[in-house]
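What follows is a short report on a single structure.
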Amino acid sequence: MKFAILPCRAPIGLMLFFCCIVLGLMTANPAAAQGDKYTSIKAPLDDGMNNYAELATILSSKVNAEAYGLDVLNYTGGRDVKASILLNESMVSVYVFYPCQPPQTLLEPEELKSLLATADPTIMQANYSDTLLGISGRPAVWGEMGAQIFAAYQPTNQTAALIVMDRSLPEETMADFLANMSITLNEGVTPLTPGYCPDTTRVVSDEASAIPSEATETPVVEAAADNPALSEPVAEKPTLEETVKDNAAARNEKMAKDRAAAIAKLEEARARMKS
């Protein structure tokens, strides 16, 4: 399969359009510069039968966001859900990967690149940046590939997401889209239909049976009375109001820093391409 640069993958079934998707528009004012009006955009990744996830971000109200399409696609080692969105007529494609053998931890950058390569090996030839972006509080690799700028991260430890954007999109719009983006997966909803992935149950069972019984004994937990550190008084928790205020302040500060850093990195990439 290929990503947006060479879209020659065959979707399973018919093209699934965003007939049921509503881009919820709500004026907002995040901690961005110059007092611009901002719009919260929410798009359910729903094919009419399954609602896999919700994509959300915040963009300038000057940006017209239009849902374009939704596909469920096959790749070596799993399936992915591809959402396509037009931002002022520039295409943005968001892929959410569901590996048959999902990782259980946050991957290192090279491991994340290898996971993407199971879907399209040519991405290993992309021009990656040496620095990382931050998307939804998680590290993201990013770079340039053909006529697109892309970024990838893990919405959860078990999944990965790839965002591919046309170069025609302004740096400010790219930065706002990525810095404010979140993908919330619906637990238990997956495009991995029964029988699609190889059955690993027998392998796991055989490996478990080979482990000596004494190696599976449950360790004894040290009693609190024998460990003073376990019996120390618990610090008083902050009130809900204090927590909300602290979280809002931290979120606004992070949004401003992420946006400025992303714009600087994208401008740096553009400068290298023009030189």
Among the numbered criteria (1) in a loop (DSSP other than H, G, I, E, B); (2) more than 20 Å from N74 (Cα to Cα); (3) at pLDDT below 90, which one does D206 miss? (1)
Of those in region 137-158 that are β-branched (V, I, T) and out of contact with any Pro (no Cβ under 7 Å at 6 or more places or on another chain), the residue nearest to L59 (Cα to Cα) is I149
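Please go through region 159-178 and give me each residue that is within 25 Å of V63 (Cβ to Cβ) and either touching a Pro at 6+ places or on another chain (Cβ under 9 Å) or assigned to a loop (DSSP other than H, G, I, E, B) (or both), ordered by number.
To start, the set of residues in region 159-178 that are within 25 Å of V63 (Cβ to Cβ) comprises 161-178.
Those that are within 25 Å of V63 (Cβ to Cβ) and either touching a Pro at 6+ places or on another chain (Cβ under 9 Å) or assigned to a loop (DSSP other than H, G, I, E, B) (or both): A161, R167, S168, L169, P170, D176.
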Run down A65, A83 and say which single residue is of a type in the set (G, A, S), under 18 Å from T190 (Cα atoms) and in contact with a Leu (Cβ under 8 Å, 6 or more places away or on another chain). A83
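Whether any residue in region 111-123 is in a strand (DSSP E or B) and either crowded, with 16+ Cβ neighbours inside 10 Å or not basic (K, R) (or both) is what I want to check.
no
From the list S61, S93, S129, S136, which one is over 30 Å from D199 (Cα atoms), at pLDDT 95 or above and in contact with a strand residue (DSSP E or B) (Cβ under 6 Å, 6 or more places away or on another chain)?
Details: S61 fails: at pLDDT 95 or above; S129 fails: at pLDDT 95 or above; S136 fails: at pLDDT 95 or above.
Among S61, S93, S129, S136, only S93 is over 30 Å from D199 (Cα atoms), at pLDDT 95 or above and in contact with a strand residue (DSSP E or B) (Cβ under 6 Å, 6 or more places away or on another chain).
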Can you spot a residue in region 40-56 that is modelled with pLDDT of 95 or more and of a type in the set (S, T, Y)? yes
Filter pass, M145 being more than 12 Å from the chain's Cα centre (by Cα) and in contact (Cβ under 8 Å) with a residue 24 or more places away in the chain: yes
Do you know which residues across region 151-166 are of a type outside the set (V, I, T) and in contact (Cβ under 8 Å) with a residue 40 or more places away in the chain? A152, Y153, Q154, P155, N157, Q158, A160, A161, L162, M165, D166
Yes/no for Q104 being within 24 Å of L133 (Cα to Cα), at pLDDT below 90 and surrounded by fewer than 14 Cβ atoms within 10 Å (Cβ to Cβ): no
Any chance D176 is at pLDDT below 95 and surrounded by 15 or more Cβ atoms within 10 Å (Cβ to Cβ): yes
Determine if region 105-122 includes at least one residue that is closer than 21 Å to D47 by Cβ and among the hydrophobic types (A, V, I, L, M, F, W, C). yes
Checking M124 against (1) of a type outside the set (D, E, K, R); (2) over 17 Å from F177 (Cβ atoms); (3) in contact (Cβ under 8 Å) with a residue 24 or more places away in the chain, only one condition comes out false. Which one? (3)
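The values are calculated or read from the model by the stated rules, or taken from the named source; none is laboratory data. Note that the coordinates shown come from a computational prediction; the quantities given were computed from them, not determined experimentally. Note: ideal-geometry Cβ built from the backbone for every residue, glycine included; neighbour counts use all protein chains shown.
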